[in-house]
Structures are given as C-alpha cells and as structure tokens.
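J.: Have a look at this one before I ask anything.
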Amino acid sequence: MDKLRIRGGVPLSGEIRVSGAKNAALPIMCAALLSAEPLRLTNVPNLRDVATMAKLLGQMGVSANATPGGYTLQAAQISSPLAHYDLVRTMRASVLVLGPLLARCGEAKVSLPGGCAIGLRPVDQHVKGLTAMGAEITMEQGYIVARAPRLRGVRLVMDLVTVTGTENLMMAACLAEGTTVIENAAREPEVVDLANCLVAMGARISGAGTDVISVEGVSALHGCDYTVMPDRIETGTFLAAAAATGGRVRLTGTDGSILDSVLAKLRESGAEIVVGSDTISLSMMRRARSVSLRTSPYPAFPTDMQAQFMALDAVAGGTAVITETIFENRFMHAIELQRLGAEIEISGNTAVVRGVEKLQGATVMATDLRASASLVIAGLVADGDTVIDRIYHLDRGYDAIEVRLSQLGARIERVA
Ligand code: EPU
C-alpha cells in the first residue's frame, strides 16, 4: 500500500494550477444519465473517485471515454439501473445516480452506502424527497429499490441542508411532470455548477445558489459541452499548507469568490492574500495566529476544510476552538496530529487546539480524505520525517498531491 514520506521544514513557494472540483464533477457525471445524447466534460479532475464513478456508470451501460482533461459520457440506453454495493461502498457519492436513474428509467436499485469514517451519513432526505415526488421506495437487502412511472413536481421542504440530497432531487425534478420547488436547499457552489450544467442540457432551473430552487420538468434533456468549476477545497488545502509553512504561493485556475469564509480565516491567521480573476496569491511572513472556527453549510466555513485548519492551528501562536457541526465524527485526524506533537483536546464536537512551536515527524495513518490532507500539512511543517500510511484516501480527492507539492518546493515522495 502506498505511503507518503515528507521531510518537513520547507516553506512552500511557487505557482500551481488548481484542479476541477471533485464534488462538482461527480454529480455532473451522474447528470449524463438524464440524456441519451453525449455530455462532453472538461476540467474533470484525475481522481480515484472520478474513475469509480465512470466505472459505476459504465456498469449501467453508459459509455464513458476519457478525453484530455475530461470525459465524454453518453447514456444512449441504460441497460441496467442498478448501483451495486461493491462500488457504492467505496464511494458514497454513488447515491447520486438514484434521482437521475429513477427520472429517466422509472426504476432504480441503488445500494445503501452505509456509514463511513466521518459519520453515519444517512440518505433519508433523498428518499423522502423522491417519495413525495411519487416514487414507491422500499429497502430490500441493503438496497434502495425505487419505482415511479413518471415523477411529479411538488414542493419539498428539506429537514436539513444536504448537498447531495439537493443535487439528487434537482436532477430527478428535471424530467418530472410539473414544477418542483426545493426549500432549505443547499447553496454550495457545486450545486450551482450542477444546475448550470443541467440548464446547458435544456433543464429549466432557477434559484440555484439560494435556499429555494425551482425546477420546471421537461420531457427530455439534450447533450452539451461543460467545463467543471475549480475545486475550492483543493484551493483551500494548498493555501492552508502555504500558510502553515510560512510560504508564498500563487494558485491559478481557481475562483476566490467561492472561498470567502476560508480566505477570511486565512487573513485572520495573518496571511496576506490577493485575489485575481482566476488566481489567488498568499504569503505568510510570520508565524500564523490561531483561528477559531465553526463549520456550517455554505457560505459559512466548510467542514471539508476543518481538518486542514486544525493542522494550521496546531503550529499557530495562541489557542483555537474548532467546532464541527456537520458530521458527528470528523475529528479522527486530531489523534494522529497528537502523534506529531499537537496539543488538542476534544470534547464532543469541539476541539481546543493549543499551538506549539514545532511538530515532530512520526508515522501516522490517514482515516479519510480531508484528515489525510491535514496530516500532509502537519508533515510539511514538522521537524524530520513524517510517513503517512493509507494514502488511498488522499488519492480519492487530490490529483497527484505529492507531485504538485514538490512543484512548490516540498520534500515529499510516494513510497511503496
Ligand atoms: N444528512 C442526513 N440525511 C440525509 C442527508 C444528509 O441526515 O438524507 C446529514 C449528514 O449525515 C450530515 C449532514 O446531513 O450530517 C450534511 O450532509 P450532506 O448530505 O450535505 O453531505 P453529502 O452530500 O453526503 C457532500 C460532500 C462532502 C461534504 C458534505 C458537506 C459530495 C460528493 N460530498 O456530502 O464532501 O463534506 O457535502 O459539505 O459532494 C469530501 O469531499 O471530503 C466530502 C466528504
């Protein structure tokens, strides 16, 4: 199993290009199920989750051809509206096929994803919404079995803000009869990117990016060319790494306008940040100051950046209080950071991080994607060698992270 070996102590310096957004690319790939015509995507990141999604769609009869920087997907016919447990268990985003399959085929059988390292993560809101739209849904041997000759538009009020739940229902509503209104919808930029792609395919959607999304159903969608938005979490991860190491970096191919809460926290920590039209430059000329934060749905601070900021706070001057409100078990990285010398106390959903002058390299274990990213940041600032085991988590969401950090001067290598 691959590991990363990092020799810390080098301030990151230089320029790299940010990848397309994983959490936009995955739902957009599922949108291909809604049309018989080709969906030509560019700026698709080269990630394990993207390959898994292409494989999952392939099992349903969708042709998925990799192109330079992207994929062309065509669901001319769907041979089998089934998402098997074997793939779903490796990637929870697989549940995003449920809405489109049901809308296009009138039936779907999708494995329940089960729990994962960061929390229980039920899909009751997806099921509840589709049921309200007229689907008959049963749970059979670990599978969601859904049937609906044609979904019908209704007003849905979500019990909580769910990103993939909003995306699943928005996709299903595109081919429903009548208008669906999703209230308490997720406002994440990735939901907006999916909506923009669906509109380019002929869908009639308004309100994406607000908490009320309205979808007027149409009888069919057509193909289109679409460029996936930049990854705001990858952007934030590189910026946090640069800040923690006292570096100076310029990121290109990104979008500062969707990172307000993260940039505000980096500025609070003492970083100087300049946002261009598609670039962000950061320089950190002093030891970072501790920043307290609380995760919440967009536009507030993203849960997907919480672990990386815990690594930054671990070496900052002062004490930070980090509160996680989205997932109930998303502090697994704290225990590994402690192995590197971080001073962190956890109580329920709150972590108190007392910054130390230095971390010391050690062998640590990645537990989930963003936890892995926080360990990489900690390794970059630690004295001596840090070895991170189980980096397959990292490969799910960061394209060749060791290559790109090397371009910024980091001493990091992948070892078998
Ligand atoms: N929830 C329910 N019932 C539901 C759906 C969600 O109780 O039917 C709960 C979840 O358990 C969680 C909260 O609602 O406590 C929010 O979960 P959400 O549904 O928004 O998360 P998600 O859609 O499964 C996406 C991202 C995650 C990201 C979260 C929150 C994708 C593919 N995944 O997950 O990304 O953390 O939104 O922003 O878009 C990652 O990239 O590392 C990652 C985990």
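The values are calculated or read from the model by the stated rules, or taken from the named source; none is laboratory data. Please read all numbers here as calculations on a predicted model, not as lab measurements. Glycine also receives a Cβ, built like all others from the backbone with ideal geometry; neighbour counts cover every protein chain displayed. Note: accessible area is taken over every heavy atom of the protein model, side chains too, but ligands, DNA and RNA are not part of it. Shrake-Rupley method; radii C 1.70, N 1.55, O 1.52, S 1.80 Å.
J.: For every helix of n ≥ 4 consecutive DSSP H residues, a contribution of -39,500 (n - 2.57) applies; sum these over the chain, divide by its total residues, and give [θ] at 222 nm rounded to the nearest 500 deg cm²/dmol.
T.: After summing the helix terms and dividing by the residues of the chain, the value is -9000 deg cm²/dmol.
J.: With a ≥ b ≥ c the root eigenvalues of the C-alpha gyration tensor of segment 183-337, is it rounded (a/c under 1.5), prolate (a/b larger than b/c) or oblate?
T.: Note, shape of segment 183-337 comes out prolate.
J.: How would you classify the chain from its alpha-carbon gyration tensor, with a ≥ b ≥ c the square roots of the eigenvalues: rounded for a/c under 1.5, else prolate if a/b is greater than b/c, otherwise oblate?
T.: prolate
J.: Sequence gap of 8 or more, or different chains, plus Cα separation below 24 Å: how many lysine pairs satisfy both in the chain?
T.: 7
J.: Calculate, in nm to one decimal, what D86 and H222 gain on full extension: separation in residues at 0.36 nm each, minus their alpha carbon distance.
T.: So the chain would gain 45.9 nm between D86 and H222.
J.: Most fluctuating residue of Q77, Q360, Q141 in a GNM of the chain with Cα springs under 10 Å: which is it?
T.: Ranking Q77, Q360, Q141 by mean-square fluctuation puts Q141 first.
J.: While we're looking at this one, here's another question. Any idea what the relative contact order of the chain is, in percent, if you count C-alpha pairs under 8 Å spaced at least 6 apart?
T.: Values: 1060 pairs, mean separation 88.4, N = 416.
With pairs under 8 Å counted, the relative contact order is 21 percent.
J.: I want the local charge near E15. Using Cβ-Cβ distances under 12 Å, sum +1 for each Lys or Arg and -1 for each Asp or Glu among the other residues.
T.: Spelling it out: positives minus negatives among the neighbours equals +4.
J.: Could you do me a favour and compute the accessible area per residue for segment 271-416, 1.4 Å probe, result in Å²?
T.: That works out to 38 Å² per residue.
J.: L160 versus A51, label points 7 Å from Cα toward the beta carbon: distance in nm?
T.: The answer from the label model is 3.3 nm.
J.: I want the local charge near P122. Using Cβ-Cβ distances under 13 Å, sum +1 for each Lys or Arg and -1 for each Asp or Glu among the other residues.
T.: Overall, the nearby charge balance is 0.
J.: Right, another one. Can you sort R354, R147 by 1.4 Å-probe accessible area, starting with the largest?
T.: R147, R354
J.: Rg/Rh for segment 174-250 to two decimals, with Rh computed the Kirkwood way over all alpha-carbon pairs.
T.: 1.18
J.: Go ahead and collect, in residue order, the members of segment 309-342 whose backbone nitrogen is under 16 Å from a label point 7 Å along the Cα-Cβ direction of S292.
T.: Those under the cut-off are 310, 313-314, 317-325.
J.: Got a number for carbon plus sulfur as a percent of the chain's accessible area, 1.4 Å probe? Intermediate results must be reported in sequence, preceding the final value.
T.: Numbers: 7580 of 15570 Å².
C and S atoms contribute 49 percent here.
J.: On to the next question. Rg to Rh ratio, segment 270-410, alpha-carbon atoms and Kirkwood radius?
T.: 0.94
J.: Let me ask something else about it. Please give the Cα centre distance for segment 344-416 versus segment 19-37, rounded to the nearest Å.
T.: 29
J.: According to the square roots a ≥ b ≥ c of the eigenvalues of the Cα gyration tensor, what is the shape class of segment 249-340, taking rounded for a/c under 1.5, prolate for a/b larger than b/c otherwise, and oblate for the remainder?
T.: oblate
J.: Net charge near E167: determine it from the other residues with C-beta under 11 Å of the C-beta of E167, scoring Lys and Arg +1 and Asp and Glu -1.
T.: -3
J.: Once R0 is set to 35 Å, what does the formula 1/(1 + (r/R0)^6) return for the Cβ-Cβ distance between T363 and A132, expressed as a FRET efficiency to the nearest 0.05?
T.: 0.10
J.: For E272 and Q141, FRET efficiency with R0 = 45 Å and r from the beta-carbon atoms, rounded to 0.05?
T.: 0.20
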